[in-house]
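Trainee: Next up is a structure, given as structure tokens.
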Amino acid sequence: MLSRMADNLYWLSRYTERAENLARILHVAQRLAALPSAYAGASNEWESAIATAACADEFKALYPDGATRENVIRYIVDSPTNPSSIKACIETARSNARAVRTAITSEMWEILNEGWNEMRGIEFDGISQSALTQFLQRVQQMSLRFDGAAYRTMLRSDQYWFQRLGTFIERADNMARLLDVKYHLLLPEKEPVGGGLDYFQWSSILRSVNALTSYHWVYRENVKPWLVADFLILRPEQPRSLISCYMALNDYLDQIAERYGRQGPAQHIARSTTARLQNADMDQIFQSGLHEFLVEFIEDNNRLGAAITQQYLS
């Protein structure tokens, strides 16, 4: 397959997944902003949304007055100066999909095109909380439908494998950033770990990735920070966990290597990162520092993305 087509498929999926992840980030911020009055002013949920989206420096330069609800929503949803806004992600994904119409199915194209057309008719300035919630839900549903269409309609060939690589690289990055911001930045210093505010925040994060019910199925306990981290990092049965993402990445990279008859740095990085996750212990991770563990993982994930680009897409 031409590297240009592989590149379009890879980034098509990254941007679609990124739009969903940004919608989930804003959904978490909205939930945390709705804390009971006893917690009013205790949490910095809108700043955490910007930190999770990895755009704090650019945001501060554009909005020196700080992370208000209006500023954060405008920047993450449809700011023309933000190339990774939800609107920009959907538009770029659609552009990539149009470039590879012969490599994707009609169902995949129609889902993206429909989502793009719906978004163009929405006015985001002064949008109400209920209207914003509906929009964020539609973005998530669009991404889920696209993911399902890809899984159920694409041939299992190199086109499919490159499309899936983009999905799981982006999903792993977002999950690590979401956990890191919660543990390292979100809980105010005066609030106790395991307290009411901490419980509400971790529960909101589980809800944001549709994992609260499955968490209780696995652990049969109340929400506890170390168990949530274990669930979203080391449990392979959780489809958005870091280890689940890397098991998928290993599989698709191995199939690509078999198809082209050679391996390279991408396969080696994916295997070493997967082995690190498989051998990790959550008690040891917390003792040595969850923040440090997640920062190292994000760096490894970025290295894998760069290796995939150099090895196959350039």
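Quick note: the coordinates plus some simple rules give every number you see, no bench work behind them. Source: prediction; values computed, not measured. Cβ atoms come from the backbone with ideal geometry, glycine included; neighbour counts cover every protein chain shown.
Trainee: Compute and list, largest first, the equivalent-ellipsoid semi-axes of region 224-306 from the alpha carbon gyration tensor, each √(5λ) rounded to a whole angstrom.
Mentor: After diagonalising the Cα gyration tensor, the semi-axes are 26, 13, 9 Å.
Trainee: Note down the magnitude of the dipole of the chain about its Cα centre, charges +1 on Lys and Arg C-beta and -1 on Asp and Glu C-beta and zero elsewhere, to the nearest 20 debye.
Mentor: 740 debye
Trainee: Could I ask something else about it? Using alpha carbon centroids, what distance separates region 118-163 and region 203-247, in Å?
Mentor: The distance from the Cα centre of region 118-163 to that of region 203-247 comes to 23 Å.
Trainee: Based on the inverse mean of 1/r over its pairs of different Cα atoms, what is the Kirkwood hydrodynamic radius of region 156-314, in Å?
Mentor: In region 156-314 this quantity evaluates to 16.5 Å.
Trainee: Now for a separate question. Using only the alpha-carbon atoms, what does region 212-252 span along each of its principal axes? Please give whole angstrom values in decreasing order.
Mentor: Principal-axis extents of the Cα atoms in region 212-252, largest first: 36, 16, 11 Å.
Trainee: What residue among ARG69, ARG259, ARG98 shows peak mean-square fluctuation when the chain is described by a Gaussian network model with Cα springs under 10 Å?
Mentor: Fluctuation is largest for ARG259.
Trainee: Per the Cauchy relation, a quarter of the hull surface: what is the mean projected area of the convex hull of the alpha carbons in region 3-122, in nm²?
Mentor: Directional mean of the projected Cα hull area for region 3-122 stands at 8.5 nm².
Trainee: For region 54-163, take N as its residue count and report Rg(C-alpha) divided by 2.2 N^0.38 Å. Each step should come with its number before you reach the end.
Mentor: Working: Rg = 16.1 Å, N = 110, 2.2 N^0.38 = 13.1 Å.
Here the answer is 1.22, to two decimals.
Trainee: What fraction, in whole percent, of alpha-carbon pairs in the chain exceed 27 Å separation?
Mentor: Values: 21393 of 49141 pairs.
When every Cα pair of the chain is considered, 44 percent fall beyond 27 Å.
Trainee: Now for a different question. Exposed loop sites here are GluC sites (Glu not before Pro) in DSSP loop states with at most 12 other C-beta atoms within 10 Å. What is the longest stretch of the chain lacking them? Write down the numbers at each step before the final one.
Mentor: On the way: sites that count: GLU123, GLU189, GLU221, GLU237.
Longest site-free region, per DSSP loop and neighbour criteria: 1-122.
Trainee: Shifting gears a bit: Check each of the trypsin sites (Lys or Arg not before Pro) in region 114-157 and keep only those in coil by DSSP with at most 16 other C-beta atoms within 10 angstrom; list them in order.
Mentor: Answer in residue order: ARG156.
Trainee: Then there is this: With only alpha-carbon pairs counted, each pair once and no self-pairs, how large is the Kirkwood hydrodynamic radius of region 107-162 in angstroms?
Mentor: About 12.8 Å, per the Kirkwood formula over Cα pairs.
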